[in-house]
Amino acid sequence: MLTYPINVQPDGDGYLVTCPDLPEVTSDGDTIAEALANGADAVEEALAGRLDDFEAIPQPSEGDVTVSVSSLIGLKVMLYWELSAQGLTRADLMRALGWKRTQVDRLFDPLHMTRFDQFDAAFDALGKRIMMVAA
């Protein structure tokens, strides 16, 4: 799973959550547990927003407190990173896969329930494989 560090600080009667890697993340909670859950949702929403706009997504830094995002968003972010690392565009991926533009765009659409076989094909086209490890 993809995890990002968060900062949780007392704030009045509750707790404030921020993420050093994603400055747009600000959340809160009445309890630490609620703050962590809300923080995870806020991190996922920030990543979804960046995917939706195809904006830069930073690699997570180290932190004492981390939150995980869904496997679906995690795979979409990792595909984005790999495409960027290879200096390729979505159009390049479209040509490599022989897919229509809308099919490739859905790989990065945070609201689209992309099938695993589609991720497998996309990563394979980039010379990569998805490895799952239970921790």
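The values are calculated or read from the model by the stated rules, or taken from the named source; none is laboratory data. Here the structure is a predicted model, which is why all the values come from computation and not from measurement. Ideal geometry is used to build each Cβ from the backbone, glycine not excepted, and the neighbour counts take in all protein chains shown. Surface accessibility is based on the protein's heavy atoms, side chains included, excluding ligands, DNA and RNA. Shrake-Rupley method; radii C 1.70, N 1.55, O 1.52, S 1.80 Å.
Rounded to the nearest 20 debye, what is the charge dipole size of the chain about its Cα centre when +1 sits on each Lys and Arg Cβ and -1 on each Asp and Glu Cβ?
Numbers: 10 positive and 22 negative charges, 215 e Å.
Result for the chain is approximately 1040 debye, rounded to the nearest 20.
Apply the a/c threshold of 1.5 to the C-alpha gyration tensor of the chain and tell me whether it is rounded, prolate or oblate. Let's see the in-between values first.
Working: a/c = 2.54, a/b = 2.28, b/c = 1.11.
It comes out prolate by the Cα gyration axes.
Of 100, 128, which has the most accessible area and how do the rest follow, probe 1.4 Å?
On the way: 100 145, 128 90 Å².
In descending accessible area the options line up as 100, 128.
Looking at the square roots a ≥ b ≥ c of the eigenvalues of the Cα gyration tensor of the stretch 69-115, which shape do they give, rounded for a/c under 1.5, prolate if a/b is larger than b/c, or oblate? Kindly include the intermediate steps, with their values, before the conclusion.
Details: a/c = 2.68, a/b = 1.28, b/c = 2.08.
Since a/c reaches 1.5 but b/c is at least a/b, the shape of the stretch 69-115 is classed as oblate.
If a helix is a whole DSSP H run, which ones in the chain reach 20 Å or further along their own axis (Cα) and hold a mean Kyte-Doolittle hydropathy of at least -1.0? Show your work: numbers first, answer last.
Details: long enough: 32-53 (31 Å, 0.13); 71-85 (21 Å, 1.07).
Going by DSSP H runs, the hits are 32-53, 71-85.
Can you tell me the accessible area per residue over the chain, all protein chains present, probe 1.4 angstrom, in square angstrom?
Numbers: 7910 Å² over 135 residues.
The answer is 59 Å² per residue.
Looking at 68, 99, 46, which one has the Cα that reaches farthest to the positive end of the dipole of the stretch 1-107 (charges on Cβ: Lys, Arg +1; Asp, Glu -1)?
Checking the options against the dipole of the stretch 1-107, the answer is 99.
Does the stretch 39-92 come out rounded, prolate or oblate, given a ≥ b ≥ c as the square roots of the eigenvalues of its C-alpha gyration tensor, rounded meaning a/c under 1.5 and, failing that, prolate meaning a/b above b/c? Provide the component values of the computation, followed by the final result.
Values: a/c = 2.33, a/b = 1.74, b/c = 1.34.
The shape class here is prolate.
Which percent of the accessible area of the stretch 15-89 is formed by carbon and sulfur heavy atoms (probe 1.4 angstrom)? Numbers along the way, then the final one.
Details: 1840 of 3700 Å².
Its accessible area is 50 percent carbon and sulfur atoms.
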